[in-house]
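Here's the structure, in structure tokens; my notes come after.
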Amino acid sequence: MSKKISRLRGMYDVTPEHVWVWQRLEQIVTSILQQYGYQEIRFPILEKTALFHSAIGEVTDVVEKEMFTFTTRKGESISMRPEGTASTVRMVLQNGMIFNDPQKLWYNCPMFRYEKPQKGRNRQFSQVGVEVFGFEGPDVDAELLLMTHKMWQQLGIKNVRLELNTLGTPECRAAYREVLIAYFEQHMDVLDDEAKSRLHSNPLRLLDSKNPRMKDVIAQAPVIQDHLSDAAMAHFDGLCTILDACDVPYVINQKLVRGLDYYSHNVFEWVTDDLGAQGTICAGGRYDRLVEMQGGKPTPATGFAMGVDRLVELVLDHNLWEQQAETEVYLIRDKAVPDAAIMPLAERLRSDLPGLKLVVNMGQASFKSQFKKADKSGAQFAIIMGEKEMDEQVYSLKALQDREFGQQQLSYPELVSVLKKHLPSMCEV
Ligand code: ATP
Ligand code: MG
């Protein structure tokens, strides 16, 4: 016997047992994005490696150690997308989408990072990302936060907090950068190798370090707030004022940074304590300089990415949702009734009742075993077709959960109207 091949480390399967959580989550999130007027985009899984190097930055975890990179037969270096912002910027430039118009875009797709797999950290994971181009005011930043806040509400996720900070304008940031370098240079003895190597190329990233040895030095580090210009303060205050007016609570975390050079003004994370160490379910901020750095004309931009895997885990770990039965009607038939008589009936019902979730019992089995399967499916009704029913063109409809309804003999039009009346999916149509 040949050996079974298992899946790759850090990858996972979604079986039918859990796929309903993914589907419902995606449905809720998508409908909110549409409610706010955002448009879906799709981009390739593979891009030129150079795109990620230039758009994410050389001195980042993602580019330094997490990319799945290959060389093609022709010797070109290509990579699987580790995130969506780089591809989105490439896409809007390549397709001339932000030449005159602003854009509010979203995507939902798997990303790939060669990380150490652990709870909440996979090598393939899905992100819902939003990227907005062409608006410079804090109103659109606020809209992103209001929209995500609404998502948590509708998903039933309660224990989540918004952490907010500002990195100011590029000028404020540049000044702060120098102050930070000077500060950390006084504490070289506690910096680890990674921190030392990033000190001059990306000092803000040191504030992100999870090394406990550096915790105190980071806590005492100078904060950006002391280096903000009036314009930067006004932008951040504008955002906070809108959040206050809409009753969205937040905490200001002065140590929250996005390490990438092109970030400016607000940065944020939605964090939950219900997931253990990997508690950030959504992260984002304003990146006004990126489009220009990628060869476009200067275009203000802001966005976020949400970890769908972590949200699914949250729902499952805390039993936030109840699973609904996927079958509504189970069609049971006598052994003597041929397939060629039963299948057209099922087809007719599916055509007359679009949305109806109808399962036909496959193969031949006793009524007892078919009823068992019908009960297990969670269906509300069984249609029972014996020889007599076929001959007389009547339909026995039995309620599997509603005792009062019992079993009724119906004509075809009656069957259709009773199902229409009693099934939730029919009300939606
Ligand atoms: P971290 O510091 O935890 O590595 P990050 O800065 O790499 O986070 P982002 O690139 O900002 O994360 O991605 C946005 C969101 O995508 C994260 O907040 C998280 O919810 C999710 N995410 C990122 N990496 C993974 C992963 N390997 N597995 C599952 N979800 C992930
Ligand atoms: Mg990471």
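The values are calculated or read from the model by the stated rules, or taken from the named source; none is laboratory data. Please read these numbers as outputs of a predicted model, since none were measured by experiment. No Cβ is skipped: glycine too gets one built from the backbone with ideal geometry, and neighbour counts run over all protein chains shown. Calculation scope for accessible area: heavy atoms of the full protein, side chains included, ligands and nucleic acids excluded. Shrake-Rupley method; radii C 1.70, N 1.55, O 1.52, S 1.80 Å.
Overview of values
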| item | result |
| --- | --- |
| Among residues of region 410-423, those that are under 37 Å from the mean Cα position of the chain (by Cα), in a helix (DSSP H, G or I) and in contact (Cβ under 8 Å) with a residue 24 or more places away in the chain, counted | 3 |
| Of all residues making up region 226-247, the number that are of a type in the set (S, T, N, Q) and part of a loop (DSSP other than H, G, I, E, B) | 1 |
| Tally, over region 368-409, of residues that are surrounded by 17 or more Cβ atoms within 10 Å (Cβ to Cβ) and not in a loop (DSSP other than H, G, I, E, B) | 17 |
| Check on Arg213, touching a residue at least 24 places away in the same chain (Cβ under 8 Å) and among the basic types (Lys, Arg) | no |
| Any hit, region 178-195, residues being outside any loop (DSSP other than H, G, I, E, B), at pLDDT below 95, open to solvent by 40 Å² or more (accessible area, probe 1.4 Å) and within 16 Å of ligand 1 (Cβ to nearest atom) | yes |
| Flag if Glu347 is in contact with a strand residue (DSSP E or B) (Cβ under 7 Å, 6 or more places away or on another chain), of a type in the set (D, E, K, R) and part of a helix (DSSP H, G or I) | no |
| Meets criteria (modelled with pLDDT under 95, within 15 Å of ligand 1 (Cβ to nearest atom) and either of a type outside the set (Gly, Ala, Ser) or under 18 Å from the mean Cα position of the chain (by Cα) (or both)) for Lys65 | yes |
| When residues of region 240-262 are limited to those that are charged (D, E, K, R) and away from ligand 2 (no atom under 16 Å from the Cβ), the one farthest from Val312 (Cα to Cα) | Asp261 |
| Scan of region 263-296 for residues that are without any contact (Cβ under 8 Å) to a residue 40 or more places away in the chain and either away from ligand 2 (no atom under 15 Å from the Cβ) or among the aliphatic types (A, V, I, L, M) (or both), ordered by number | Ala283, Glu292 |
| Any hit, region 33-53, residues being at negative phi and within 16 Å of ligand 2 (Cβ to nearest atom) | yes |
| Condition met for Glu115 (over 20 Å from Glu269 (Cα atoms) and surrounded by 14 or more Cβ atoms within 10 Å (Cβ to Cβ)) | yes |
| Tally, over region 73-118, of residues that are more than 18 Å from Val62 (Cα to Cα), in contact with a Ser or Thr (Cβ under 8 Å, 6 or more places away or on another chain) and either more than 16 Å from ligand 1 (Cβ to nearest atom) or in a helix (DSSP H, G or I) (or both) | 2 |
| Residue in region 338-356 that is crowded, with 18+ Cβ neighbours inside 10 Å and closer than 30 Å to Gly120 by Cβ present | no |
| So Leu207, is it touching a residue at least 40 places away in the same chain (Cβ under 8 Å), in contact with a Ser or Thr (Cβ under 9 Å, 6 or more places away or on another chain) and part of a helix (DSSP H, G or I) | no |
| Counted residues, region 220-244 - those being open to solvent by 40 Å² or more (accessible area, probe 1.4 Å) and under 16 Å from Thr148 (Cα atoms) | 2 |
| Residues within region 42-62 that are hydroxyl-bearing (Ser, Thr, Tyr) and either away from ligand 1 (no atom under 13 Å from the Cβ) or free of Cβ contacts under 8 Å to residues at least 40 places away in the same chain (or both), tallied | 2 |
| Some residue of region 353-365 being among the charged types (D, E, K, R), farther than 30 Å from Gly156 by Cβ and out of contact with any strand residue (DSSP E or B) (no Cβ under 6 Å at 6 or more places or on another chain) | no |
| Test: residue in region 119-135 that is more than 12 Å from ligand 1 (Cβ to nearest atom) and not in a strand (DSSP E or B) | yes |
| Gln39 being surrounded by fewer than 16 Cβ atoms within 10 Å (Cβ to Cβ), over 25 Å from Glu194 (Cα atoms) and away from ligand 1 (no atom under 15 Å from the Cβ) | yes |
| Residue check for Lys65: basic (Lys, Arg) and either assigned to a loop (DSSP other than H, G, I, E, B) or surrounded by 14 or more Cβ atoms within 10 Å (Cβ to Cβ) (or both) | no |
| Total residues in region 92-102, condition modelled with pLDDT of 95 or more and open to solvent by 30 Å² or more (accessible area, probe 1.4 Å) | 6 |
